[in-house]
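K.L.:
Below are the structure tokens for one structure; questions will follow.
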Amino acid sequence: METAILAPIAVVYLGCLFWHQPDRYSGSTLGLLALGGPVTTLPLLLFASSSKHVPLVLMGMLQYVGPTLQFALGAWFDREPLDRYRVAGFCCVWVALAIFSGVAFFQWQREKRTRPKADVLR
């Protein structure tokens with residue numbers, strides 16, 4: 001919604017920039033800036049619509065995948081400093097997630113066993 005509301009204002013602003021300083025801003029650069037909002041919004045809308053079909057426990061776990069990949073990429077490819085405190089914090093988060101997931105899994109198994117089975121029509 002934010003992008004839909006602010007997009008016309010942003011396009012007018014980019015048009016004014018191009019109108020007043022055409023030598024500084026090229027039309028292609030401003031066009032890419034104007035398309036940046038909708039291009040960013042589309043994956044977010046798809047994510048929001050698809051997340052309705054996934055259990056909340058799994059959705060919560062998936063929210064940690066992105067930051068974990070960023071952490072790993074930063075540590076291995078960008079050679080960011082990785083001291084023992086960062087590793088300890090990272091491990092604490094994932095141990096807590098493992099405990100949470102294990103408890104959720106065992107509760108799901110218990111509910112599945114105690115749930116009455118539907119009568120089969122013959």
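K.L.:
Please verify whether the range 79-86 includes one or more residues that are in contact with a Gly (Cβ under 6 Å, 6 or more places away or on another chain), more than 27 Å from residue 3 (Cβ to Cβ) and either free of Cβ contacts under 8 Å to residues at least 24 places away in the same chain or not in a helix (DSSP H, G or I) (or both).
P.N.:
For the range 79-86, residues in contact with a Gly (Cβ under 6 Å, 6 or more places away or on another chain), more than 27 Å from residue 3 (Cβ to Cβ) and either free of Cβ contacts under 8 Å to residues at least 24 places away in the same chain or not in a helix (DSSP H, G or I) (or both): present.
K.L.:
Hey, another quick one. So in the range 1-41, with the set limited to residues that are of a type in the set (S, T, N, Q) and at pLDDT 80 or above, which one is farthest from the chain's Cα centre (by Cα)? Can you show your working first?
P.N.:
Taking the range 1-41 and keeping what is of a type in the set (S, T, N, Q), we get 3, 21, 26, 28-29, 40-41.
Pick out the ones that are also at pLDDT 80 or above and you get 21, 40-41.
Numbers: 21: 37, 40: 12, 41: 12 Å.
The extreme case among them is 21.
K.L.:
Then there's this: Residues that are surrounded by 10 or more Cβ atoms within 10 Å (Cβ to Cβ) and of a type in the set (Asp, Glu): does the range 77-90 have at least one?
P.N.:
Yes, that holds for at least one residue.
K.L.:
Quick check on this structure: which one of 67, 81, 22 is assigned by TED's automatic domain parsing to the domain that holds residue 108 and over 30 Å from residue 108 (Cα atoms)?
P.N.:
Values: 67 fails: over 30 Å from residue 108 (Cα atoms); 22 fails: assigned by TED's automatic domain parsing to the domain that holds residue 108.
Sole residue among the options that is assigned by TED's automatic domain parsing to the domain that holds residue 108 and over 30 Å from residue 108 (Cα atoms): 81.
K.L.:
Looking at (1) over 20 Å from the mean Cα position of the chain (by Cα); (2) within 22 Å of residue 51 (Cβ to Cβ), can you tell me which one residue 63 breaks?
P.N.:
Against the list (1) over 20 Å from the mean Cα position of the chain (by Cα); (2) within 22 Å of residue 51 (Cβ to Cβ), residue 63 comes up short only on (1).
K.L.:
Residues of the range 25-68 being more than 24 Å from residue 103 (Cβ to Cβ) and in contact with a Ser or Thr (Cβ under 8 Å, 6 or more places away or on another chain), which ones?
P.N.:
37, 38, 40, 41
K.L.:
Still on this structure, please answer the following. List pairs: first residue in the range 40-52 and touching a residue at least 12 places away in the same chain (Cβ under 8 Å), second residue of a type in the set (Ser, Thr, Tyr) and part of a helix (DSSP H, G or I) anywhere in the structure, Cβ distance under 9 angstrom, at least six positions apart or on different chains.
P.N.:
That search, which allows pairs on different chains as well, returns 40/3; 41/3.
K.L.:
Right, next: Residue 74 - would you say it is outside the structural domain of residue 2 (by TED's automatic domain parsing), exposed (fewer than 10 other Cβ atoms within 10 Å of the Cβ), in a helix (DSSP H, G or I) and not acidic (Asp, Glu)?
P.N.:
no
The values are calculated or read from the model by the stated rules, or taken from the named source; none is laboratory data. Here the structure is a predicted model, which means the values were calculated and not measured. When we count neighbours, we look across all protein chains shown, and the Cβ atoms used for this are built from the backbone with ideal geometry, even at glycine.
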